[in-house]
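Let me begin by presenting the structure, written as structure tokens, before commenting on it.
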Amino acid sequence: MKNRVSTTVLALAILLVATASVLEAGWEEGVAAFKSGNFQQAAKEFQGFVDERPDVFQGHYMLGQSQAKLGRNQEALTHLRKALELEPGNVGVQLALGKVYLEVGRYADAAALLGKIDASSLPKSQQPALHQMLALALDKSGDSGRALQQLAQAARSNPNDATIQFQYGSAALRDG
């Protein structure tokens, strides 16, 4: 009896290790495909990962990112929202979801979501992008005053970026 229990436990342990390897391998394949620009394959790999592990936010995040790269914005929104539901404070997920909201013209949703992000929590190199995305969302939502403030912050945080400086100057002229 003891040998049968030991054999069963050993078989279960081997099965668990094999299953974990398959899931991990699917994850690694998805990441590799994403990095190489093969978003179709990445979406397939991450879909398999999400099917097996629906409560892991990273799977939904990467599937959403892959779908967004393929222009499948509705699918991207579904998975990015799920990722945010599973990991509410994740700034990376908030940024990705905000970007897709902008892509589909849901500017008020983008402004509300991106407005919650503390820019100082991001690396200096990413702060101008947040300010620009938030400025676009605010401007398209009819709040040009706050949009101008965001562009001013982007311009201050990256004074050598001619594109940002131009955007800020143009917006300031339009706003009077």
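Among (1) part of a loop (DSSP other than H, G, I, E, B); (2) more than 18 Å from Gly59 (Cα to Cα), there is one condition Gly89 misses while meeting the rest; what is its number?
(2)
Looking only at the stretch 93-131, count every residue that is touching a Ser or Thr at 6+ places or on another chain (Cβ under 8 Å) and open to solvent by 60 Å² or more (accessible area, probe 1.4 Å) and tell me the total.
Number of matching residues: 3.
Can you spot a residue in the stretch 76-92 that is open to solvent by less than 20 Å² (accessible area, probe 1.4 Å), under 30 Å from Gly30 (Cα atoms), modelled with pLDDT of 95 or more and hydroxyl-bearing (Ser, Thr, Tyr)?
no
Among the residues of the stretch 1-52, what is the count of those that are at pLDDT 90 or above and in a helix (DSSP H, G or I)?
Residues in the stretch 1-52 being at pLDDT 90 or above and in a helix (DSSP H, G or I): 23 in total.
Please specify each residue of the stretch 102-137 satisfying the condition of being at positive phi and assigned to a helix (DSSP H, G or I).
Result: no residue meets the conditions.
The values are calculated or read from the model by the stated rules, or taken from the named source; none is laboratory data. Remember, predicted model here, so these are calculated numbers, not experimental data. Ideal geometry is used to build each Cβ from the backbone, glycine not excepted, and the neighbour counts take in all protein chains shown. When the accessible area is computed, the model is the full protein with side chains, heavy atoms only, and any ligands, DNA or RNA have been set aside. Shrake-Rupley method; radii C 1.70, N 1.55, O 1.52, S 1.80 Å.
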